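See structure below.
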Amino acid sequence: MSEWWNERGKDCIRLGHRGASGNPREGENTISSFEEALRRGAHGFEFDVRRAKCESLVIIHDATIDRTTNGKGKVCDYTAQELEEFDAGFEDYIPTLEEVLVRYMETTTRLNIELKESGLAQDVKQMIEKWHVQEQVLVSCFDSDDHDNYSDTSWDDLRVFSPSIRTGLLVGLKKVIRCGDSRLTEEARARNAYSINPHVSVTYPYLIRKAHACGIKVISWTVNRPFTIEQLKLEAVDGLISDFPERLL
């Protein structure tokens, strides 16, 4: 499988976190936010996928629409069409996964799809294959003992994508404490993962070196401080995901 971007040896990949969510955060996971990330110099962006009531796959981080829209209630209680009626920031709406894949399918934009619910993998895979965007995407999720309050996924969910679609193992503090750097790289190799995606707080130099020795990329997320960005670049991190993608230049 080829590299995920075309600047190998020149620069790490630059991705916006939920688009350009720091500009301001109210506009996350919308088409406007994705376009803003690209305007600010990102190669692509990370976004979150959930299932709506009608079985459609929609792009939103939380299990409810309360924080990011002018509505209230659970995502799964609305159809995708109903979700489009809410203001998700700057009069934009909650898009579907299919809409985003179609919009960027004939571009060089890199798309990091995060699964926020278990049971999505097969449908996401079929959607990726339907629009022939395998080379553009990286699918990631947290493991069952490390996910945030908004997710119930497992790294096992990613098995359906291998080997034709790149996968990334999302890693937080709890997972690093339980596993350690060596175990993480072993897990990634066993699952044929393209990358380990640790939170900035646990993107240690040893983890980067250990992963690289095994042919695994390291893509760090929520890297927002300029000093940390430069430090991780010096450590040869492969990718950076930021709320402020312009800071990654």
Taking R0 as 41 Å, what's the FRET efficiency between GLU91 and LYS233 from their Cβ-Cβ distance, rounded to 0.05?
0.65
Apply the membrane-span-like helix rule to the chain: whole DSSP H runs, Cα extent along the own long axis of at least 30 Å, mean Kyte-Doolittle hydropathy at least 1.6. List the helices found.
none
Just grab the label-to-label distance for GLU98 and THR79, each label 7 Å out from Cα along the Cβ direction, in nm (one decimal).
1.3 nm
Suppose all protein chains stay in the model; what accessible area per residue would a 1.4 Å probe give for the chain, in Å²?
44 Å²
Does a label point 7 Å from the Cα of THR64, set along Cα-to-beta-carbon, have any residues of the range 112-152 with amide nitrogen under 15 Å, and which are they?
149-151
Heavy atoms only, probe 1.4 Å: what % of the accessible area of the range 74-119 goes to carbon and sulfur, would you let me know?
44 percent
With a Cα-only, solvent-free Debye model of the chain, what are the log10 I(q)/I(0) values at q = 0.16 Å⁻¹?
-1.17
With n ≥ 4 as the cut-off for DSSP H runs, can you work out [θ] at 222 nm for the chain, using -39500 (n - 2.57) per run divided by the number of residues, rounded to the nearest 500?
-8000 deg cm²/dmol
Assuming a strict under-15 Å limit between Cα atoms, what lysine pair count do you get for the range 1-134 once near-sequence pairs (fewer than 8 apart, same chain) are dropped?
4
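The values are calculated or read from the model by the stated rules, or taken from the named source; none is laboratory data. The model shown is predicted, which means the values in this text are computed figures rather than measured ones. Because the Cβ atoms are built from the backbone with ideal geometry, glycine has one as well, and the counts that use them run over all protein chains shown. Protein only, heavy atoms only, side chains kept; ligands, DNA and RNA dropped before computing areas. Shrake-Rupley method; radii C 1.70, N 1.55, O 1.52, S 1.80 Å.
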